Amino acid sequence: MDNSSPRIAVIGAGVIGMTVAKILQQELRNTNITIIANEFLEDTVSCVAAGIFRPGTSFKGPTKDITKKWINNSWSFWQDILKTPEAPEAGLMSVSSYIFSKENQFVTRNHLIEDLVPIYRTVEKDELKLCGEGWKYGSYFSTIKIGCDRYLPWVEKSFIGKGGKIEIKKIDSFASLRSKFDLVFNCTGMGAKVLCGDHDLVALRGQVIKVKAPWLKMAFYGDYDTYIIPGIDGVATLGGVRQYDSYNKEVCKYDSAAILERCCKFLPALKKAEIVAHQVGLRPHRMPVRVEPEVMDGVKVVHCYGHGGYGVMCAPGTAMDAVKIGVDMLRSNARSKM
Ligand SMILES: Cc1cc2nc3c(=O)[nH]c(=O)nc-3n(C[C@H](O)[C@H](O)[C@H](O)COP(=O)(O)OP(=O)(O)OC[C@H]3O[C@@H](n4cnc5c(N)ncnc54)[C@H](O)[C@@H]3O)c2cc1C
């Protein structure tokens, strides 16, 4: 690494910032890259997420084609890691899942991944009686899960090993970065609401319960945001809630009671599971997810935020586009200096 190579900052150390930094290091060897964030690892929203690869209809890019490209590219990125012996250390696992509903067939379908995952099929009548009661509709599908409690440290270790730097700091304006960096990636999740004054970015409050359930090997989804998702280390995630424009980061005991009741009705064996933690996370919801360049306070910025409830699964696809935009900005910069 020499002093003439571009100086790049990635603001944010959640799944988006870490994935952007990882892809950047692959694309631009010998570059000075610094990750700057005020919260890391278990303090990020990314570590609250179960991290299942199952997009909802509220995940949107600027066009249908771009949304699908982000999803497909993300799937390929995760599959490439899943095929290596590093998959468990990176927090990746394959998981099969049932999704049931008493009310609608369409909620059990998923037009965004039915052609992508190895299996997506309507359930047989007998399968509707497997657990819970009164299900009328259901699908069975295979997918993957990415646990950020392992993925983030795995990326951080390799990032530092390749010469990347980490700074713990809150950024209050892009102007403060002007003299230090040639390019900045803004991966601040909900932080972008203040940093960019973005009124289109809204919190979708989530709350989950982590329980010890090493016997659980499948994921289950039901009506009213009910989900039970196994973890690589035997800790399952029970959810959930989806509260629009709610910024309360405290655990709500009424939400916890409702989540437990719904999940235990679904799988009664969970009544005996030991509770490890109650967690809250504010999903950074924006339509569309913002992946675009902007010059702010004289700084070249590439935004990559607003992934809502799907940032873990779709981090790679959006990060690939953000990195491409950033590399093009650097190259046009170099050309204009010739
Ligand atoms: C309950 C729940 C369940 C979920 N389940 C799933 C799921 O199954 N699958 C899925 O794909 N997604 C899921 N999600 C969504 C997913 O967690 C988010 O989309 C994703 O974590 C967003 O990542 P991020 O890196 O943008 O944000 P974050 O993880 O919040 O990281 C933001 C980073 O930016 C830093 N930052 C912010 N502002 C500043 C500033 N001014 N200066 C310096 N640093 C700053 C923070 O410190 C942090 O490091 C779930 C979310 C919740 C809450």
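Check residue 55 against each of (1) in contact with a Lys or Arg (Cβ under 7 Å, 6 or more places away or on another chain); (2) near the ligand (Cβ under 9 Å from one of its atoms) and name the one condition it does not meet.
Single failed check for residue 55: (1).
Yes/no matrix, rows are residues, columns are (1) within 10 Å of the ligand (Cβ to nearest atom); (2) open to solvent by 40 Å² or more (accessible area, probe 1.4 Å):
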site	(1), (2)
135	no, no
142	no, no
146	yes, no
151	no, no
182	no, yes
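Somewhere in region 45-53, is a residue hydroxyl-bearing (Ser, Thr, Tyr), out of contact with any strand residue (DSSP E or B) (no Cβ under 7 Å at 6 or more places or on another chain), within 30 Å of residue 186 (Cα to Cα) and in a loop (DSSP other than H, G, I, E, B)?
At the first step, the residues of region 45-53 found to be hydroxyl-bearing (Ser, Thr, Tyr) are 46.
Okay, now just the ones that are also out of contact with any strand residue (DSSP E or B) (no Cβ under 7 Å at 6 or more places or on another chain), so 46.
Still in the running and within 30 Å of residue 186 (Cα to Cα): 46.
So of that shortlist, the ones also in a loop (DSSP other than H, G, I, E, B) come out as none.
No, the conditions are met nowhere in region 45-53.
Name the residues in region 25-44 that are buried (at least 24 other Cβ atoms within 10 Å of the Cβ) and not in a strand (DSSP E or B), would you?
Listed by number, the list is empty, since nothing qualifies.
So, in region 13-24, exactly how many residues are within 11 Å of the ligand (Cβ to nearest atom) and open to solvent by 10 Å² or more (accessible area, probe 1.4 Å)?
2
Residues in region 72-82: is at least one hydroxyl-bearing (Ser, Thr, Tyr), assigned to a helix (DSSP H, G or I) and open to solvent by 50 Å² or more (accessible area, probe 1.4 Å)?
yes
What are the pairs with Cβ atoms under 7 angstrom where one residue, in region 303-320, is assigned to a helix (DSSP H, G or I) and more than 9 Å from the ligand (Cβ to nearest atom) and the other, located anywhere, is of a type in the set (D, E, K, R) and open to solvent by 10 Å² or more (accessible area, probe 1.4 Å)? Sequence gap at least six, or different chains.
Cβ pairs passing all conditions: 317/69.
I need the strands (runs of 3 or more DSSP E) fully contained in region 141-251, keeping only those with at least 3 residues that are under 22 Å from residue 262 (Cβ atoms).
Because the criterion is at least 3 residues that are under 22 Å from residue 262 (Cβ atoms), the strands (runs of 3 or more DSSP E) in region 141-251 that meet it are 202-212, 218-222, 226-229, 235-239.
On the basis of being more than 13 Å from the ligand (Cβ to nearest atom) and not in a helix (DSSP H, G or I), does residue 295 make the cut?
Answer is yes for this residue.
Can you work out which of the residues in region 194-207 that are open to solvent by 10 Å² or more (accessible area, probe 1.4 Å) and touching a residue at least 12 places away in the same chain (Cβ under 8 Å) is farthest from the ligand (Cβ to nearest atom)?
Among those residues, the one meeting the criterion is 200.
From the list 9, 37, 50, pick out the single residue that is within 16 Å of the ligand (Cβ to nearest atom) and within 15 Å of the chain's Cα centre (by Cα).
Exactly one residue qualifies, and that residue is 50.
Could you tell me which residue of region 312-326 is farthest from residue 79 (Cα to Cα), considering only residues that are open to solvent by less than 10 Å² (accessible area, probe 1.4 Å) and either among the charged types (D, E, K, R) or touching a strand residue (DSSP E or B) at 6+ places or on another chain (Cβ under 9 Å) (or both)?
Looking at residues that are open to solvent by less than 10 Å² (accessible area, probe 1.4 Å) and either among the charged types (D, E, K, R) or touching a strand residue (DSSP E or B) at 6+ places or on another chain (Cβ under 9 Å) (or both), I get 326.
The values are calculated or read from the model by the stated rules, or taken from the named source; none is laboratory data. Only a predicted model underlies this, so the values are computations on that prediction, with no experimental measurement involved. Please note: Cβ atoms are built from the backbone with ideal geometry, for glycine as well, and neighbour counts cover all protein chains shown. For the accessible areas, the whole protein counts, side chains as well, though only heavy atoms, and no ligand, DNA or RNA atoms are used. Shrake-Rupley method; radii C 1.70, N 1.55, O 1.52, S 1.80 Å.
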